[in-house]
Amino acid sequence: KNSLVQATVGLTFKCTDGEWSVQGIKKGYEENVGKKVLVGDVVETINGVESKNQTQAAINYALVGQEGTVCHMRLRRKGKLSGMQEHFEVALKRLKITLGKSDGKQAV
């Protein structure tokens, strides 16, 4: 058994002005993510650590871990009705990465 196989929550991100936002959900992870996280949500913390101005490597490190463990994220999104920023927390299970053809996006 290969203990080096890493598991992740299956989200892709982009960084704008030091803030990380969800760019997409990797194929195969849709059920894990469900409707808890949407494209455009801004990541505020990962496991209690602020994500603003972090490097891609630091974000990757925070999201990747042992299969079946849980990653806690605090996010924000603009409310559809209020237009106000809403803050919320999610707990996503890390699943084993299935390596296939790269679609050019960085999965973290």
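The values are calculated or read from the model by the stated rules, or taken from the named source; none is laboratory data. The shown structure was predicted, so the numbers you read here are calculated from the model rather than taken from an experiment. With ideal geometry, Cβ positions are generated from the backbone for all residues, glycine too; neighbour counts draw on all protein chains shown. Accessible surface is based on the protein model in full, side chains and every heavy atom, while ligands, DNA and RNA are left aside. Shrake-Rupley method; radii C 1.70, N 1.55, O 1.52, S 1.80 Å.
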## Note on the structure
Flagged pairs (Cβ under 7 angstrom, 6 or more apart or on separate chains; first in region 15-28, touching a residue at least 12 places away in the same chain (Cβ under 8 Å); second open to solvent by 50 Å² or more (accessible area, probe 1.4 Å) and charged (D, E, K, R)) are Gly18/Lys52; Glu19/Lys52; Ser21/Lys14; Gln23/Lys14; Gln23/Lys105; Gly24/Lys105
### Query
Of the residues Asn47, Asn53, which single one is open to solvent by less than 100 Å² (accessible area, probe 1.4 Å), more than 10 Å from the chain's Cα centre (by Cα) and at pLDDT 95 or above?
Asn47
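Inside region 23-38, can you point out the residues that are crowded, with 17+ Cβ neighbours inside 10 Å and either under 11 Å from the mean Cα position of the chain (by Cα) or modelled with pLDDT of 90 or more (or both)?
The initial filter retains those residues of region 23-38 that are crowded, with 17+ Cβ neighbours inside 10 Å, namely 25-26, 29, 32-33, 37.
Across region 23-38, the qualifying residues are Ile25, Lys26, Tyr29, Val33, Val37.
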### Task
Can you run down the residue pairs with Cβ atoms below 7 Å, 6 or more apart or on separate chains, where the first is in region 72-88 and closer than 13 Å to Gly40 by Cβ and open to solvent by less than 90 Å² (accessible area, probe 1.4 Å) and the partner is outside any strand (DSSP E or B) and hydrophobic (A, V, I, L, M, F, W, C)?
Leu75/Val37; Arg77/Leu38
### Query
Could you say which residue among Asp41, Asp17 is of a type in the set (D, E, K, R) and within 13 Å of the chain's Cα centre (by Cα)?
Asp41
